[in-house]
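Only one structure is covered here, and it is reproduced in the block below.
The values are calculated or read from the model by the stated rules, or taken from the named source; none is laboratory data. What you are looking at is a predicted structure, and each value in this text was computed from that prediction instead of being measured. Reconstructed Cβ throughout: ideal geometry from the backbone, glycine too, with neighbour counts over all protein chains shown.
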Amino acid sequence: MPDETDPPRKVYGFKPREFETANEPRQPASDAAPPTRDPGIVPASAGPIDVRELTRQATGQGPALSTTGPVNRANEVHAMLQDNLARANAAGLNELAPKPKRRSRRTRDYWLLMTLGNLALAILGITQRDNPFILVGSLAGIGFLSALISWIMWHVMDDY
């Protein structure tokens, strides 16, 4: 097999120092006033602030920020939107009514758990009234269950 020839030698170099200019830089308008130095915070007068004085300061020297603002001209999209708004108003879709306040499910569940849990413990205590340990335990259970359900429902859980 004949010897393979070496690939051509690679030449490395630096990139050009300047960018290629695609667009010529814009020349500043000669009729525009050169920017002035910002005066900073102007000390306020000793008297109260007056709206007329603020208006006078707002219309002070210097060009406005923008003299060629966008103009919204009426077109067919605006006409369609106005037509849709008129239909929605005629159908009463844009009228707002106060939302009726619903009862909290948390309150309902709280009273349900309190009633069922305490009723179960009370029935246990009544049926075993001849055993004082079960009677005292059911009374303690009623107190503990009431405190536990109240703590969980009103301090731990959020309204749902």
### Task
Scan region 90-101 and report the pairs whose first residue is at pLDDT 90 or above and whose second residue is surrounded by 10 or more Cβ atoms within 10 Å (Cβ to Cβ), with Cβ atoms within less than 7 Å and a gap of 6+ or a chain change.
Asn94/Ala88
#### Entry: Residue ranges of helices (runs of 4 or more DSSP H) in region 53-160 with at least 1 members surrounded by 11 or more Cβ atoms within 10 Å (Cβ to Cβ) and basic (Lys, Arg)
105-127
